[in-house]
1. Counting DSSP beta bridges in the chain, what percent are antiparallel, to the nearest 5?
2. Where is the GNM fluctuation largest for the chain (alpha-carbon springs, 10 angstrom cutoff): Glu48, Glu11, Glu111?
3. Note down the nm distance, to one decimal, between modelled labels 7 Å out along Cα→Cβ at Gln16 and at Ile55.
4. Could you calculate the contour length gain from Asn130 to Thr74, that is, 0.36 nm times the residue separation minus the distance between their Cα atoms, to one decimal place in nm?
5. Which whole-Hz couplings ³J(HN,Hα) result when phi for each residue of the range 25-30 is put into the Karplus expression 6.51 cos²θ - 1.76 cosθ + 1.60, θ = phi - 60°, listed in order with x for Gly and Pro?
6. With each run of n ≥ 4 DSSP H residues scored as -39500 (n - 2.57), what mean residue ellipticity at 222 nm is computed for the chain after dividing by its residue count and rounding to the nearest 500 deg cm²/dmol?
7. Rounded to whole Hz and in sequence order, give me ³J(HN,Hα) for the range 78-90 from the Karplus expression 6.51 cos²θ - 1.76 cosθ + 1.60, θ = phi - 60°, writing x for Gly and Pro.
8. Just to check I understand the Karplus step: with θ = phi - 60° and J = 6.51 cos²θ - 1.76 cosθ + 1.60, what whole-Hz values come out for the range 129-144, glycine and proline as x?
Amino acid sequence: MELSANFSLAECVKSQTAQRKNIDNTPNDDQVAALKALATAVLQPVREQFERPLIITSGFRCAALCTAIGSKTTSQHAKGEAADFEIPGVPNPAVAKYIRDNLSFDQLILEFYDPDDGPNSGWVHCSFVNEGANRQQVLTINKNGTFNGLLGV
């Protein structure tokens, strides 16, 4: 099932942990609708802006998968509203800055980015709820688990 021109449902639900632990990570209809909204509003525009494939490192997570990896079962990943991703060859801060400055989103987090580790350290987390209900919340989280505003991008 295609969620947008360049994103399929399969790539948004793929999980090595789910495969290893034999967890059925199939979203319900509401979660698929949320994934489609995320792909349309965030993932596809980012891919088109940078004209490169976007690699989803973590998308939808069912409750059992959340539990298996130590994530909250109430996370936006569990609702189909969030994805973690990067674009090979594009610095993660540049991706985050583009999203911050150009797109509607609920939460944008530059996670575990450390300039000393290079421009592709960490990853970008972005969620989308629906038009008009997005908070446009921008954060970073560092290696110590400390959240702050998105600085330096």
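Just so it is clear, none of the values below were taken in a lab; they were calculated from the coordinates. Predicted, not measured: the structure shown is a model, and the values here were computed from it. For neighbour counting, all protein chains shown are included, and Cβ atoms are generated from backbone atoms with ideal geometry for every residue, glycine included.
1. 75
2. Comparing Glu48, Glu11, Glu111 in a Gaussian network model of the chain, the most mobile one is Glu48.
3. 1.1
4. Roughly 18.4 nm would be gained on extension.
5. 9, 8, x, 7, 4, 5
6. Value at 222 nm, helices only, nearest 500: -8000 deg cm²/dmol.
7. The phi angles translate into 5, 8, x, 9, 9, 8, 9, 7, 8, 10, x, x, 10 Hz.
8. Ordered by residue, 3J(HN,Hα) equals 9, 5, 3, x, 10, 7, 7, 6, 7, 10, 9, 10, 10, 9, 4, 8 Hz.
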